[in-house]
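Readers should treat all values here as calculations from the given coordinates under stated rules, not as data from a laboratory. In this text, all values refer to a predicted model and were calculated from it rather than measured experimentally. A quick note on method: Cβ atoms are made from the backbone with ideal geometry, for glycine too, and the neighbour counts reach across all protein chains shown.
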Amino acid sequence: MTRLGAPRIGRTLCALLAGSALSACAIFAAPDARDAGITAEVSARLSQYPELQAPNSLDVQTLHQVVYLRGLMATPFQISLASSVAAEVSGVRRVENLIGLEDAK
């Protein structure tokens, strides 16, 4: 390869990388305007259930009206309850329950 070919390859590679980055931005669009309100409402409703509070840990996030529940619970019943409560909130399209079961000691 000659020295003249290197800048052309460099420009081509930069153009490809820039195009890839721009298309990735289109796939990961900004959160829906309703997401913050849904997260707040789900969190408020979950806080009404003493059995879901400490020592359990629970994180609620919403993206495009899909609620993601993450954390650890002591029993399968608590995991199911958290998912059911979240699903009842207006505007929730789906609940992704990623809650794990704490190790029994």
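Once the Cα-Cα distance is subtracted from the 0.36 nm per residue extended length, the Ala30 to Glu88 segment shows a gain of 18.5 nm. Stretching the chain fully between Leu101 and Ser57 yields a gain of 14.8 nm (0.36 nm per residue, less the alpha carbon separation).
Over the range 35-101, the pair-distance histogram of Cα-Cα distances with 5 Å bins from zero comes to 4, 21, 35, 25, 12, 3 percent, rounded to whole numbers. Packing-based ranking of 49-58, 64-73 yields 64-73, 49-58, ordered from highest to lowest mean Cβ neighbour count within 10 Å.
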